[in-house]
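Presented below is the structure to which this report refers.
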């Protein structure tokens, strides 16, 4: 019996080696061409390096403390909500969540948002962006991206078959740069990038990584060009609640003529200090979002029901009287860290400084 078991193990090993050798000697190209030139995300590498060298990671957009208590309580309530919370829900967004989002954001954009036509709930803002590019950008389309930009925009354009065209924010001429607001977009330079192949402009406000919050007049300039040249606008606004020094976030979709051509990207995880939820959304006219829904339903179908259920509660809190005074407690401070984390970072910087001075 022992000999038979030994022979069986040897045969299994030979079969495994044979399969491995066959895989490594395949001459056929196995990858799709749309993946060429698209390497791993910078944050994948950044996280690996931070872990390898025991560095204090201050770069990624999440805090190292728990969300507010009433949000964690909402999570417990959601997962204890009976069988429906553990089963499939509506493919394009849990009814309670899309209704909550529509009620809140309708007041901000000055447009009656249809919760079941104008909102798509996604696995984080990342998937909302992916759906937008896959659904709306075709082979040969040009997409203008304002620099600096979040690193996923360019590869998503490429995978959709499009071409990324860049226009930078530049410091105001003749002034010392004192804040992110001193970096501006030239109307002439932006207009010069528009060609008959241009399909969309991508903006990010507040901007990651610069922190710039676009002023109304800056957004109006972009809107005027979008309308003049019949362009779409993808507006990444995941940090919309992270504004300081009197800066006011304005949604470009709220400007005249822009609701019909703008896809606005938002994030529940970014807003409520709970990035692990991976609950994001896209908002826009139903005639645009219907194509994004096609991509969504044929890739992931729908997002985690319980995560959507618990996200509904803090979104509702924006306009419910009982939570009106809690605003500053649950709006996300994405890069804020605990004192112990900052102390550790300070020690590392001191060591670097000492090493530099010794050389």
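All of the numbers you see were taken from the coordinates with simple rules; none came from a lab. It should be emphasised that the depicted structure is a prediction, and the values quoted were computed from it without experimental measurement. Backbone-built Cβ (ideal geometry, glycine too); neighbour counts: all protein chains shown.
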Original post:
If you take all C-alpha pairs in region 129-237, what percent of them are over 18 Å apart?
Top reply: 46
Original post:
In nm, to one decimal, how far is the residue 182 label point from the residue 50 one, both placed 7 Å along Cα→Cβ?
Top reply: 2.9
Subject >> Where only alpha carbons of region 65-218 are counted, the Rg and the Dmax (Å) >> reply: 19.6, 63
Original post:
Dividing the alpha-carbon Rg of region 251-303 by 2.2 N^0.38 Å yields what?
Top reply: 1.30
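Would you mind ranking 173, 218, 45 by Cβ crowding within 10 Å, fewest neighbours first?
With the sparsest Cβ surroundings first, the list reads 173, 45, 218.
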Subject >> Normalised contact order of region 66-156, rounded percent, pairs of Cα under 8 Å and 6 or more residues apart >> reply: 19
Subject >> Cα-Cα P(r), region 47-139, percent of pairs per 5 Å interval >> reply: 2, 9, 11, 14, 18, 17, 13, 9, 5, 1, 0
Subject >> Cβ-based exposure ranking for 236, 230, in which fewest neighbours within 10 Å come first >> reply: 230, 236
Subject >> region 84-109 and region 262-307: distance between their alpha carbon centers, rounded to Å >> reply: 10
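Give me 305, 122, 195 ranked fewest to most by other Cβ atoms within 10 Å of their Cβ, as a rough exposure proxy.
By the 10 Å Cβ count, ascending: 195, 305, 122.
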